[in-house]
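Below: one structure, written as structure tokens.
The values are calculated or read from the model by the stated rules, or taken from the named source; none is laboratory data. Bear in mind the structure is a predicted one, so any value in this text is a computation, not a measurement. Cβ: placed from backbone, ideal geometry, glycine included. Neighbour counts: every protein chain shown. Remember, those area values only see protein heavy atoms, side chains included, never the ligands or the DNA or RNA. Shrake-Rupley method; radii C 1.70, N 1.55, O 1.52, S 1.80 Å.
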Amino acid sequence: MQLTKEKFKERFERKLDDYFENDIKHASNSELCAALSAVVRDGYAPQWRRTRISETHEGNKQIYYFSIEFLPGTLLKSNLLNLGWLKTVREALKEMGLDLDTIAAAEPDMALGNGGLGRLAAAFMDSLASLGYTGNGNGIRYKYGLFKQKFVDGYQKELPNDWLKDDHWEVRRESKAVPVRFGGKVEMVDDDGWLTPRYEGERVVQAVPYDIAVVGYKDGITNTLRLWDAEIPPQDELKYPTIADRRKVEDLTSILYPDDSNYEGLLLRLKQEYFFVSAGLQSILNYFIKDLKQTDFRKLPEYVAVHINDTHPAMAVAELMRLLVDEHRVDWDTAWKITVQTMSYTNHTIMAEALEKWDLSMMQDLLPRIVQIITEIDRRFVESLKGKTSDDVIERTRIIKNGRVHMAHLAIIGSHSINGVAALHTQLLETDVLKDFYELYPKRFNNKTNGIVLRRWLQIANPELSDLLDQTIGTKWRDDSNEMLKFENFYHDTKTLNRLEEIKLDNKKKLAKFIKKETGIEVDPTAIFDVQIKRLHAYKRQTLKLLHILKLYQDLKNGIDHPKRVVIFAAKAAPSYVFAKQIIKVINETANMINNDPDIHGKLKVVFLENYNVSLAERIIPAADVSEQISTTTKEASGTSNMKLMANGALTVATMDGANIEIKDEVGEDNIFSFGLNKDQVYKYYADKSYHPRNIYENDPVLRDTIDSLKEVPNCNGEPQALVNNFLSDNEEFLVLADFEAYLAAQKAVEATWAQKRIWYQMSLVNIAHSERFDVDKTIQRYAQDIWHLKKLHIEKTK
Ligand code: 26W
């Protein structure tokens, strides 16, 4: 619905008056942000209602994306863009003497996720709505998002992230509340010939949904992200007389587990996983029965697809069986067919320590009926394979073994589709990690390489580059990313290449100002901005970047010159991940040592920006020249920061891991700096235990000096030695020293290319043009066609 500047101004001022009895002259920035968000909410409310009505009316098949994490970041600007209001509102505010970016900065990040998995879920929500599919997110309304990170004396400190106090988007839907049962005992009783569970001593929690609108890009469609909160059931008020009693229930959803790679098996996490799954599925069946007025559950897969985002929602398989069999008396075999047809699963990591294997007795105590159902699923699975495959395979693939419930096995056996998130990752699942299942269900396995929301990471984060694309290839790329390929026609266009360089420099100047304000560190915008932004994890090898920094520093101290470089880190470590926190300390102290060393005349600066989140990524990515994607091959399932940096013209230094391989395939080996061990070389080291880093250390004087210099990093308490010990130990899993020499050679090539600006920006141009391949709309199109079988919803857009 088109909005004029006049209409906007009138509505904005009325909101300020309604909400805060205030006016633009006196209102605080957060009041301006709240009022602006209110105008936006009014803007999408009609299409939100219309979408819900028509999808019910048409009975359009819906996808419900179950994810324990959603990382939307901020929504104000993307809602304005998707409503088609961004330009109008930015100009209208300007005429009122206000700045949209300043106001938008008051919006807290919705940081209900750790990293890649959560951000991808948010991207999928935006894309489903923008492509006109009826997509629903199903997750948890954490009261506290991912912790705020502060550095104290170089050490990571975690602070509570109380985001709700400034949230402007959620709508409480009391009427859609459902009960979720925990604990107690269950016995099966015969109820007129139907074996029915009778529960005793269970505790019931009221699951109350809060809905957040997901506005589609200029298509008049608005979908829903439903986040569940836990409350005391109204009828049980008397059972919870004290605050403490109440707190016990409310704590269920209070905090997001800040770990994104290590399964800890904690009871509260298991409760969280069952809570949003049961609430979500009950809500879906209520819609199926009440709104769609359906009675035949065999039709469920025609109206509903449920996607399990990694194993965290895997109990959805057992919970749907419970609801169909116990609550709706569907016979087991029919219920199982319905479940497998409805469920699909994505795997996001092959790291063994990340795979969830819940303690059976813990699950038994908390979810007795679910354990009965999983046990029956497991028994029938084993039964079905008897004589068809070896007992070894059965033993390796069954769900329950050695008192543990293997959640990946439950998800795979209960789903009609299993996908990895990049070609190499899916290949490794099929040929190694899930080999037995691939041989059992080859047709279920498929690859769906990740993608990114170009609307956010280009149109919103990098308006100057977006304008250059408009001026060169026209504006159609904003609706159809295929158009971006036309940008390659400007490969030899000096004006465009120079403009690219100017834009990058502008963005770097903006970031330099931000770095100065946040850290006090002065950085030269003409230096190489070398960026590594992702969670802190040993497999992502921020340590390899650290060794390169120390090597550069030594060279500069010894008068060996290098082009000016600023290395920019941003990364959170899981609070319980000791080694990751030691790496953060050493990087921070190395930065202090180098940044304050007059001998090197500012030729090298190291900046570790605090509190990495979606908004900080939007600041850093447009200013990046080099994108560090240097994980040990086979460890990074896909990566998505690699795609965001590529779209913003950064050149990638990459191992042949995850989606880096597809980036190289897309731009060609001349437009990327690839290096390092390939999959077979990495597996060979593991297979014949032939990795002896101390030998590499002793035979490479450059490496030896570099590692020895690590011991000299001041103001530490043993952290450097911990890193050295790790590097030199035979069971250093991520082969850091094995890739050191090749990495140095790749960085030499970066410096050589940097010296030839025209070539540099020609490579940059090619990467921008080809980033269309990683448009998440293309990823979702493939999920919709191959896995969820969705049809688009057609809504008449109101003028
Ligand atoms: C049990 C603790 C836990 C929590 C989260 C284990 C594992 C996870 C996630 C699966 C980790 C994650 O975010 N994986 C990342 O997913 C991205 C989206 O597909 C990929 O691009 C990254 O390569 C992958 O590391």
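Based on the alpha-carbon gyration tensor of the stretch 309-372 and its eigenvalue square roots a ≥ b ≥ c, which shape applies: rounded if a/c is under 1.5, prolate if not and a/b is larger than b/c, or oblate?
Details: a/c = 3.41, a/b = 1.39, b/c = 2.44.
Oblate, since a/c reaches 1.5 and b/c is not below a/b.
Once you have the Cα-Cα distance between K25 and T431, take 0.36 nm times their residue separation minus that, and quote the gain in nm to one decimal. Intermediate results must be reported in sequence, preceding the final value.
Working: separation 406, 0.36 × 406 = 146.16 nm, distance 6.40 nm.
139.8 nm is the gain from fully extending K25 to T431.
Can you give me the % of accessible surface on the stretch 171-294 that is carbon or sulfur? Probe 1.4 Å, all protein chains present, nothing else counted. Each step should come with its number before you reach the end.
Working: 2990 of 5570 Å².
Whole-percent figure for carbon plus sulfur exposure: 54.
What is the gain in length, in nm to one decimal, between M96 and Y683 on full extension, counting 0.36 nm per residue of separation less the C-alpha to C-alpha distance? Mind dumping the intermediate values first?
Values: separation 587, 0.36 × 587 = 211.32 nm, distance 6.17 nm.
Extra length available between M96 and Y683 comes to 205.2 nm.
Return P(r) of the stretch 1-100 (all Cα-Cα pairs; 10 Å bins starting at 0; whole %; ordered from short to long distances).
The percentages, shortest bin first, are 14, 39, 29, 15, 4.
At 1.4 Å probe radius, can you tell me the per residue accessible area of the chain in Å²? Don't skip to the answer; put the middle values down first.
Values: 30350 Å² over 799 residues.
Heavy-atom accessible area per residue stands at 38 Å².
I'm a student and want to see the number: the projected area of the Cα convex hull of the stretch 58-162, averaged over all directions, in nm².
Hull-based average projected area comes out at 9.5 nm².
Tell me which of V89, G73, G59 sits at the most positive position along the dipole axis of the stretch 1-97, charges placed on C-beta atoms (Lys, Arg +1; Asp, Glu -1).
G59
By a straight-distance test (C-alpha under 18 Å), which aspartates and glutamates pair with K517 as possible cross-link partners, with residues fewer than eight away in the same chain excluded?
List returned: D101, D506, E610, E618.
For the charge dipole of the stretch 454-773, defined by +1 on Lys and Arg C-beta atoms and -1 on Asp and Glu C-beta atoms about the Cα centroid, which residue among F514, T655, N592 has the Cα displaced farthest towards the positive pole?
F514
Sticking to Cα atoms, compute the Rg of the stretch 1-51 to one decimal and its Dmax as the biggest Cα-Cα distance, whole number, in Å.
11.7, 38
How much net charge surrounds N715 when only the other residues with a Cβ under 15 Å from the Cβ of N715 are counted, with Lys and Arg +1 and Asp and Glu -1? Working shown, then result.
On the way: positive: K585, K711; negative: D153, E589, D597, E712, E719.
Neighbourhood net charge equals -3.
For R49 and K7, FRET efficiency with R0 = 25 Å and r from the beta-carbon atoms, rounded to 0.05? Show your work: numbers first, answer last.
Details: r = 20 Å, r/R0 = 0.81.
The pair K7/R49 has a calculated efficiency of 0.80.
To the nearest 20 debye, what charge dipole does the chain have about its Cα centre, counting +1 at the Cβ of each Lys and Arg and -1 at the Cβ of each Asp and Glu? Numbers along the way, then the final one.
On the way: 107 positive and 118 negative charges, 243 e Å.
Dipole size: approximately 1160 debye.
Calculate the translational D of the stretch 454-773 in whole µm² s⁻¹ from Stokes-Einstein, where the hydrodynamic radius comes from the Kirkwood formula applied to all Cα pairs, the temperature is 20 °C and the viscosity 1.002 mPa s.
Numbers: Rh = 20.0 Å.
Answer, rounded: 107 µm²/s.
Exactly which trypsin sites (Lys or Arg not before Pro) in the stretch 116-166 are in a DSSP loop and have at most 15 other Cβ atoms within 10 Å? Mind dumping the intermediate values first?
Details: sites: R119, R141, K143, K148, K150, K157, K165; in loops: R141, K143.
Counting only loop positions with at most 15 other Cβ atoms within 10 Å, none of the trypsin sites (Lys or Arg not before Pro) in the stretch 116-166 qualifies.
In the stretch 454-773, if the dipole is taken from +1 on Lys/Arg beta carbons and -1 on Asp/Glu beta carbons about the Cα centre, which of A722, N767, A617 is farthest to the positive end?
Ranked along the dipole, the leading option is A617.
Just to be sure I understand the curve: with the Debye formula and one point per C-alpha of the stretch 731-787, what is log10 I(q)/I(0) at q = 0.24, 0.30 Å⁻¹?
Normalising to I(0) and taking log10 leaves -0.89, -1.09.
Rounded to the nearest 5, what % of DSSP beta bridges with both residues in the chain are antiparallel?
Values: 36 of 83 bridges.
In the chain, approximately 45 percent of DSSP beta bridges are antiparallel ones.
Counting only protein heavy atoms and using a 1.4 Å probe, what share of the accessible area of the stretch 454-773 belongs to carbon plus sulfur, as a whole percent? Let's see the in-between values first.
Working: 5640 of 11400 Å².
Of the solvent-accessible surface of the stretch 454-773, carbon and sulfur hold 49 percent.
What is the total of Lys pairs in the stretch 141-185 with C-alpha atoms under 24 Å apart, excluding same-chain pairs fewer than 8 positions apart? Provide the component values of the computation, followed by the final result.
Numbers: K143/K157; K143/K165; K143/K176; K148/K157; K148/K165; K150/K165; K157/K165; K165/K176.
Qualifying lysine pairs in the stretch 141-185: 8.
List the lysines whose Cα sits under 22 Å from the Cα of K435, skipping any in the same chain fewer than 8 residues away.
K357, K386, K388, K401, K443, K448, K635, K679, K684
If R₀ is 45 angstrom, what is the calculated FRET efficiency for the pair R704 and H492, using the beta carbon separation as r and rounding to 0.05?
Values: r = 45 Å, r/R0 = 1.01.
Efficiency computed from Cβ-Cβ geometry: 0.50.
Using a cut-off of 16 Å between alpha-carbon atoms, which aspartates and glutamates can reach K564, once sequence neighbours fewer than 8 places away in the same chain are excluded?
Straight-line reach from K564, under 16 Å: E522, D524, D530, D555, D597, D599, D625, E751.
Cβ neighbours within 10 Å, averaged per peptide: list 751-763, 360-372, 637-649 in order, most packed at the top.
Numbers: 751-763: 15.7, 360-372: 18.5, 637-649: 27.3.
My ranking of the peptides, most packed first, is 637-649, 360-372, 751-763.
Any idea how far the Cα center of the stretch 553-586 sits from the one of the stretch 11-87, in Å?
So the separation of the two Cα centres works out to 40 Å.
Quick one: the Cα spread of the stretch 632-678 along its three principal axes, in angstroms, biggest first?
Result for the stretch 632-678: principal-axis Cα extents of 25, 21, 14 Å.
What's the magnitude of the charge dipole for the stretch 454-773 around its Cα centre, counting Lys and Arg as +1 and Asp and Glu as -1 at the beta-carbon? Answer in Debye, nearest 20. Walk me through the intermediate numbers first.
Numbers: 42 positive and 46 negative charges, 160 e Å.
Magnitude of the dipole: close to 760 debye.
How many times 2.2 N^0.38 Å is the alpha carbon radius of gyration of the chain?
Numbers: Rg = 26.9 Å, N = 799, 2.2 N^0.38 = 27.9 Å.
Dividing the Cα radius of gyration by 2.2 N^0.38 Å gives 0.96.
Taking 0.36 nm per residue of separation and subtracting the Cα-Cα distance, what length does fully extending D786 through E174 add? Working shown, then result.
On the way: separation 612, 0.36 × 612 = 220.32 nm, distance 3.56 nm.
Extending this stretch completely gives an extra 216.8 nm.
Report Rg(Cα)/(2.2 N^0.38 Å) for the stretch 549-602, keeping two decimals.
Details: Rg = 13.3 Å, N = 54, 2.2 N^0.38 = 10.0 Å.
Ratio of Cα Rg to 2.2 N^0.38 Å: 1.33.
Per residue of the stretch 408-416, in order, report the coupling 6.51 cos²θ - 1.76 cosθ + 1.60 (Karplus, θ = phi - 60°) as ³J(HN,Hα) in whole Hz, putting x for Gly and Pro.
5, 5, 4, 4, 5, 5, x, 10, 8
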